[in-house]
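Peer 1: I'd like to ask some things about the structure below.
Rule-based calculations on the coordinates, nothing more; no lab input. None of the values given here were measured: they were computed from a predicted structure. Here the Cβ positions follow ideal geometry from the backbone for every residue, glycine too, while neighbour counts run over all protein chains shown.
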Amino acid sequence: MLALLRSCLVVVAFALPPVAMALWPHADSAVVVIGTAPAGEVVATAAGTLLGLSDSGRTAVTRAARPDDTGFLARLRAAGARLVLAAPDDLACLTTKPRHAALSMRN
């Protein structure tokens, strides 16, 4: 049992740093705000650009309005963001489908 515990600890010790580095947010790239009920309001308070918002409003993809803005991540946390992670480079998987009114076509 002790050998199994050691093996699990070794696996976690070597797997955790690369995952943490991949999810660590960078000030000059898009970030995901997770776990905050009014995520859109948090982004607006932090003066960010909203790139996507989930239907529940708890998850938002955002980035700083200006590329040289270094305090954006701190402002997100101060505005109430519980978890801020780096967004993937390909944001296509995170975009939400547009909500268009259904058009009826009559002949």
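Peer 1: For segment 62-76, enumerate the residues that are in a helix (DSSP H, G or I) and surrounded by fewer than 16 Cβ atoms within 10 Å (Cβ to Cβ).
Peer 2: 74, the sole residue that qualifies.
Peer 1: What is the number of the single condition among (1) crowded, with 17+ Cβ neighbours inside 10 Å; (2) touching a Gly at 6+ places or on another chain (Cβ under 9 Å) that residue 50 does not meet?
Peer 2: Of (1) crowded, with 17+ Cβ neighbours inside 10 Å; (2) touching a Gly at 6+ places or on another chain (Cβ under 9 Å), only one is false for residue 50: (1).
Peer 1: Looking at segment 21-33 only, could you name the residues that are within 14 Å of residue 73 (Cβ to Cβ) and out of contact with any Pro (no Cβ under 7 Å at 6 or more places or on another chain)? Can you show your working first?
Peer 2: Here is the first cut: in segment 21-33, the residues within 14 Å of residue 73 (Cβ to Cβ) are 23-33.
The answer is 23, 24, 25, 26, 27, 29, 30, 32, 33.
Peer 1: Okay, moving on. Of all residues in segment 53-66, how many are more than 13 Å from the chain's Cα centre (by Cα) and among the charged types (D, E, K, R)?
Peer 2: Going through segment 53-66 one residue at a time, the tally reaches 2.
Peer 1: Based on what the data block shows, is residue 63 of a type in the set (Lys, Arg) and either without any contact (Cβ under 8 Å) to a residue 12 or more places away in the chain or in contact with a Leu (Cβ under 7 Å, 6 or more places away or on another chain) (or both)?
Peer 2: yes
Peer 1: Does segment 12-52 hold any residues that are polar (S, T, N, Q) and either assigned to a strand (DSSP E or B) or under 12 Å from the mean Cα position of the chain (by Cα) (or both), and which are they?
Peer 2: Within segment 12-52, 29, 36, 49 meet the criteria.
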